[in-house]
Amino acid sequence: MKNIKIINGHIITPYRIIKNGTLLIKDQKIEAVSQVDIETNDYEIIDAKGNYIAPGFIDIHIHGGGGYDFMDGTEEAYLKIAQTHAKYGTTAMAPTTLTCSKQDLLKAIDLYKSAMLKNTQGAQFIGLHLEGPYFALNQSGAQDPRYIRNPDIEEYKEIIDYGQDIIKRWSVAPELPGAVEMGKYLKSKGIIAAIAHTDAIYEEVVEAVENGYSLATHLYSAMSGVSRRNTYRYAGVIESAFLIDSMDVEIIADGIHLPPPLLKLVYKIKGSERIALITDAMRAAGMPEGESVLGNKDTGLKVIVENGVAIMADRSSFAGSVATTDRLVRTMVEQADISLLEAIKMISNVPATIMGISDTKGSLTAGKDADVLIFDEKINIKKTIIKGELIYTAIDFNK
């Protein structure tokens with residue numbers, strides 16, 4: 001490992017942007033962040049050329065990219081997805097499953113274990129996110145309805161035991177029979193209980209939060225809003241996420257799943273401290289538009305990618321996004337009128353805090369992992385450094 005000195009860049013810290021600052025990397029860690037030049041010996045010099053220097057982007061909800069999906073059932077898929085998204089600024093990610101059989105979930109855990117040991121050229125894995133299969137059928141979205149079912153205590157305990165220290169998050173519809181009890185169990189195991197693909201009303205969400213649920217999965221997507229039942233109106237999960245201050249939310253900030261007015265609304269209510277930007281990317285991220293597959297390449301759902309988004313073949317709903325993390329930041333800045341400083345917080349510090357890794361990741365702070373990006377004013381990634389290792393350089397950067 002080489003020690004690195006990055007100069008001539010605008011450093012994005014948790015609190016401000018340091019113009020023409022200096023950043024030192026030593027032994028895979030950030031050694032120093034300074035407003036002035038620091039005298040060094042035996043450091044490789046990287047000239048940021050007036051671009052921004054930022055913490056690596058952390059994606060806590062991602063299914064695929066580069067033509068691969070985590071549900072393909074191969075180690076290669078895990079490695080290729082990590083490599084693909086590193087080019088777009090993702091330095092850490094939580095591989096995410098889809099609704100499937102118990103056997104497929106156990107296989108995903110095995111593949112995570114083996115791929116993690118070989119993943120040296122892509123975004124780091126920071127824990128497995130199980131999305132489903134315990135969902136509301138009428139909020140299935142692009143999840144395969146064949147596998148949707150109610151929480152099974154014996155099943156999820158077996159899966160959690162098998163994936164000990166690997167499963168970091170599980171997304172569940174909290175109104176289902178047994179879901180509240182599952183939330184308690186997840187919390188007792190240190191696993192994030194998230195609310196997703198749900199028709200819950202406010203009272204059910206409150207009970208869920210009281211019993212361990214703390215995060216709303218892709219806010220607005222596949223979840224209830226205000227509904228009328230037997231004349232009376234009920235607040236749904238969307239309104240609950242706004243009302244419950246302690247609840248974190250994640251949003252697919254591609255400008256399509258949530259158009260700019262909704263991005264602005266979420267930011268206005270929740271603020272940058274409670275919002276994590278996510279891609280929810282499927283295999284077509286980083287690929288040409290056209291026909292694709294959501295989930296396993298052989299048994300998944302056929303989808304169409306057009307106009308920057310994936311949709312079901314019958315055009316009934318979105319089918320995951322094709323966003324990359326650089327696009328999320330660009331959208332928040334250019335379309336939602338959010339400052340760059342706040343947008344970076346929502347793609348780095350907040351995800352790290354939610355995942356419980358903010359002591360080592362999420363900001364350019366001395367002592368943290370050297371996950372560092374260099375990008376221009378349009379958020380085009382020029383260099384990606386992961387734990388002090390230069391993983392990606394744009395073709396034209398050194399000209």
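Under a Cβ-only charge scheme (Lys and Arg +1, Asp and Glu -1), can you give me the dipole magnitude of the stretch 57-354 about the Cα centre, in debye to the nearest 20?
Values: 28 positive and 38 negative charges, 63 e Å.
Dipole about the Cα centre, nearest 20: 300 debye.
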## Note on the structure
Simple spin-label estimate for Glu389/Ser317, 7 Å along Cα→Cβ, in nm, reads 3.8
### Task
For the stretch 332-337, just list the computed ³J(HN,Hα) in residue order, Karplus coefficients 6.51, -1.76 and 1.60, θ = phi - 60°, integers in Hz, with x standing in for Gly and Pro.
5, 6, 7, 10, 9, 6
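Just the number, please: percent antiparallel of the DSSP beta bridges in the stretch 57-354, rounded to the nearest 5. Kindly include the intermediate steps, with their values, before the conclusion.
Working: 16 of 42 bridges.
Looking only at bridges with both residues in the stretch 57-354, the antiparallel portion is about 40 percent.
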#### Entry: Amide hydrogen neighbours beyond the local backbone of Glu250, cut-off 5 Å, H modeled
Ala216, His218, Leu219, Ala276
### Query
List the aspartates and glutamates whose alpha-carbon lies under 19 Å from that of Lys264, not counting same-chain residues fewer than 8 positions away?
Glu239, Asp245, Asp248, Glu250, Asp254, Glu273, Asp326, Glu334, Asp337, Glu342
### Query
Once Lys and Arg get +1 and Asp and Glu get -1 on their Cβ, which of Thr353, His129, Ile17 lies farthest toward the positive end of the dipole of the chain?
Ile17
### Query
How many angstrom separate the Cα center of the stretch 1-37 from the Cα center of the stretch 63-123?
30
### Task
Take the Cβ-Cβ distance between Asp161 and Asp337 as r, set R0 to 35 Å, and report the resulting FRET efficiency rounded to the nearest 0.05.
0.15
### Query
Once you have the alpha carbon radius of gyration of the stretch 57-354, what is it after dividing by 2.2 N^0.38 Å, with N set to its residue count?
0.92
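Which length gain, in nm to one decimal place, applies between Lys184 and Arg146 when the Cα-Cα distance is subtracted from 0.36 nm times their residue separation? Present the calculation step by step, with values, prior to reporting the outcome.
Working: separation 38, 0.36 × 38 = 13.68 nm, distance 2.68 nm.
Going from the current span to full extension adds 11.0 nm.
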### Message
Residues of the stretch 333-369 with backbone nitrogen within less than 18 Å of a virtual label 7 Å along the Cα-to-Cβ line of Leu265, please, listed as ranges.
### Response
335-338
### Query
To the nearest 0.05, what FRET efficiency results for Arg228 and Ile17 with a Förster distance of 56 Å applied to their C-beta separation?
0.75
## Note on the structure
Residues whose modelled amide H sits under 5 Å from the amide H of Ser321, counting only those 5 or more places away in sequence or on another chain, are Ala281, Met282
### Task
Select from the stretch 12-106 those GluC sites (Glu not before Pro) which occupy a DSSP coil region and have at most 14 other Cβ atoms within 10 Å, ordered by residue number.
Glu39
### Query
Asp27 versus Asn380, label points 7 Å from Cα toward the beta carbon: distance in nm?
3.8
#### Entry: Gln124 long-range amide H proximity, modeled H, under 5 Å
Ala92, Met93
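How much space per residue, in cubic angstrom, does the convex hull of the C-alpha atoms of the stretch 1-86 take up? It would help to have the intermediate numbers written out before the result.
Working: hull volume 10.6 nm³, N = 86.
Spread over its residues, the Cα hull of the stretch 1-86 gives 123 Å³ apiece.
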#### Entry: Above-threshold pairs, the threshold being 19 Å between Cα atoms, out of Lys87/Lys378; Lys80/Lys297; Lys87/Lys368; Lys19/Lys378; Lys26/Lys49; Lys113/Lys383
Lys87/Lys368; Lys26/Lys49; Lys113/Lys383
### Query
Stretched out fully, how many nm does the piece from Glu39 to Thr299 gain, at 0.36 nm a residue minus the Cα gap?
87.9 nm
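Take the alpha carbon gyration tensor of the stretch 238-356, find the square roots of its eigenvalues, order them as a ≥ b ≥ c, and report rounded if a/c is under 1.5; if not, report prolate when a/b exceeds b/c, else oblate. Write out the running numbers ahead of the final one.
Working: a/c = 1.94, a/b = 1.82, b/c = 1.07.
Here the stretch 238-356 falls in the prolate category.
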#### Entry: 3J(HN,Hα) from dihedral phi, the stretch 129-139, Karplus parametrisation 6.51/-1.76/1.60, rounded to Hz, x for glycine, proline
10, 8, 9, x, x, 8, 10, 7, 4, 7, 10
### Message
Rounded, prolate or oblate, given the Cα gyration tensor of the stretch 167-278, with a/c below 1.5 counting as rounded?
### Response
oblate
#### Entry: Within the stretch 321-399, GluC sites (Glu not before Pro) in DSSP loop having at most 13 other beta-carbon neighbours inside 10 Å
Glu377
### Summary
One finds, for Asp396 and Thr74 with R0 = 41 angstrom and r their Cβ-Cβ distance, a FRET efficiency to the nearest 0.05 of 0.80
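A short reminder: the numbers here are calculations on the coordinates, not readings from a lab. Treat the numbers as computed from the prediction; the structure is a model and nothing was measured. Cβ: placed from backbone, ideal geometry, glycine included. Neighbour counts: every protein chain shown.
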